[in-house]
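Okay, so here's the structure we're looking at.
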Amino acid sequence: MDDRKQKVLLAIVHDYIATAEPVGSRTIAKKYKLGVSPATIRNEMSDLEEQGYIEQPYTSAGRIPSERGYRYYVDFLMRKQELSREEEELIRREYRAKVRDVGQVIHRTGLLLSQLTHYTAMVLTPRIGISILKHVQIVYMHQSQAMVIAVMDNGAVQHRMIEIPESITALDMETISRVLNAKLQGLTMKSIKLNLIKEIYSELARHKHILDLVMELIQDSLTLEVEDKIYLGGVFNMLNQPEFHNVEKIKTMLSIMEQEKLLCDILEGRVEDEGVTVRIGGEIDQWDMKECSMITAPYTVRGRKMGSLGVLGPTRMEYAKVVSVVDYMTKYLSQTLERMIRGKRK
C-alpha cells in the first residue's frame, strides 16, 4: 500500500473510531488535510474498497474499515498511545491499596481495565495447577493432631489436619519439615522421582505414618487442578456502544458474557501467545463475536504464565489506547503478584 492510501485508510479508521459514522471523502479532505482534493481521495477510497480494506455499510453512505483494514492499521499504521501520568498514578495507587489479597487485586484489575478503556474487561484468575513446591511445614497443634501446610510458588496455600502418635514431639515435626524442604523445595510433581521419594522414606523411616499423610498433601497440592475463573468488569460498557443498541445484539452479547467457559478459552488464547495479542472480528473464531475485537495479554510470576487479562470491545475500538492500557496493567499486575507471593514466603 502506497503512502497516500495509508494516510486515507488511517483517516477513515481514526474518524470512524471517534464518531461511529461512515466516513466520506469530503470529511477526510476537510478534517485531515492530506493535501489532495476530495476527488483524489474518492479514487483512493475506491481502490481501498476494491482491495478489501474498507467497505460501504449501505448505499449512499461513506466508508468504514473492514476487518482487513483494522488488521492493517494495527499491524502497520497504529502508534502506541502512552498512558497519561494521571492514569499511571491511578493504577499504582489502586494496586498499592489492595496488595494483600489476590482476589481483591484481580477484582481491582478488572475495574481499572474497564474504567480506563470504557469497554468490558476480563481477567482470568491465577492458575494453581502444575505448581512448584516452595515450602512445607508441620505445625504441632496438640497431643494427637498437627497441621500440614504446603505453600506453592504461585502463592496458593494448602493445609490439612492429621492425626499424630502421642510419642511424636514438636522437634520431630521440625525435623520432618526440614528434610522435606531440603529434598523437595523448587520441584514440580513431575520432577519428583521415585529414587528421591525412597531417599526421603529411608531418612525418615521411623515417621512413616506421618510421612504418608504429608506426602499425600504435597501430591494433592502439586497436581491440584482448579477450574479457570473469569472476572468481568464494565459489562454495560459494551452494551453502551452504538453497534449494540439493537435488541437482538444485546441479547447475543449478554448470552456470550454468561458463558464463562467460552470466555476463558478465548481469553486463554494459544499456548505460544506472548505479550499483547489483538484479535479482530472473525479472528476470535466465534460467529456471535464477529463484530467484536479482543485485546489480551498473559500475566506472569517469575516468568511463568499465571493467567490472562483482556478487553472486549467493538471492532471500532480505540486499539492504540487499549493496547497501551493492557500492556501496562499486565506488567504491573505481574509485579504486584510477585511481591505478594514473595511476601508470603518470608
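Find the centroid of the Cα atoms in region 75-97 and in region 182-241, then give the distance between the two in whole Å. First find each Cα centre; the distance between them is then 36 Å. Of the listed residues Glu216, Glu87, the order by accessible area with a 1.4 Å probe, largest first, is Glu216, Glu87.
Electrostatic bookkeeping for Met253 treats Lys and Arg as +1 and Asp and Glu as -1; over the other residues with beta carbon under 11 Å from its beta carbon, the sum is -3. When the chain is treated as a Gaussian network with alpha carbon springs shorter than 10 Å, the biggest mean-square fluctuation among Glu203, Glu318, Glu55 belongs to Glu203. The residues of region 1-126 expose, per residue, 54 Å² of accessible area to a 1.4 Å probe. Per residue, the accessible area of region 222-315 comes to 50 Å² when a 1.4 Å probe rolls over the protein heavy atoms. Region 243-304 and region 1-56 have their alpha-carbon centroids 29 Å apart.
For Thr315, the residues whose modelled amide H falls within less than 5 Å of its own, excluding neighbours fewer than 5 places apart on the same chain, are Cys292, Ser293. Distance distribution P(r), region 185-280, all Cα-Cα pairs, bin width 5 angstrom from 0: 2, 9, 13, 13, 12, 8, 7, 7, 7, 7, 5, 4, 3, 1, 0 percent. Among Arg178, Arg316, Arg108, the largest mean-square fluctuation in a Gaussian network model of the chain, built with springs joining Cα atoms closer than 10 Å, belongs to Arg178. Under a 5 Å amide H cut-off, with hydrogens placed 1.01 Å from N, Ala61 pairs with nothing among residues at least 5 apart or on other chains. Here is the tail figure for the chain: Cα pairs spaced more than 30 Å apart come to 51 percent of all pairs.
Along its first, second and third principal axes, ordered by size, region 1-68 spans 27, 23, 20 Å in Cα coordinates. The P(r) of region 129-261 has a tail past 18 Å containing 62 percent of all C-alpha pairs. Computed over region 1-136, the convex hull of the alpha-carbon atoms projects to a mean area of 12.8 nm². Just checking the listed ones, Ser221, Ser177, Ser255: in the Gaussian network model of the chain with Cα springs under 10 Å, the one fluctuating most is Ser255. Entry for region 62-123 at q = 0.12, 0.15, 0.16, 0.18 Å⁻¹: log10 I(q)/I(0) = -0.47, -0.65, -0.70, -0.79, Debye formula applied to identical alpha-carbon scatterers, no solvent contribution. The calculated Kirkwood hydrodynamic radius for region 228-346 is 15.3 Å, given to one decimal from all distinct C-alpha pairs.
The values are calculated or read from the model by the stated rules, or taken from the named source; none is laboratory data. Keep in mind that this is a model prediction, so the values were computed, not measured. With ideal geometry, Cβ positions are generated from the backbone for all residues, glycine too; neighbour counts draw on all protein chains shown. Each accessible area value is taken on the protein alone, full model and side chains, heavy atoms only, with ligands, DNA and RNA left out. Shrake-Rupley method; radii C 1.70, N 1.55, O 1.52, S 1.80 Å.
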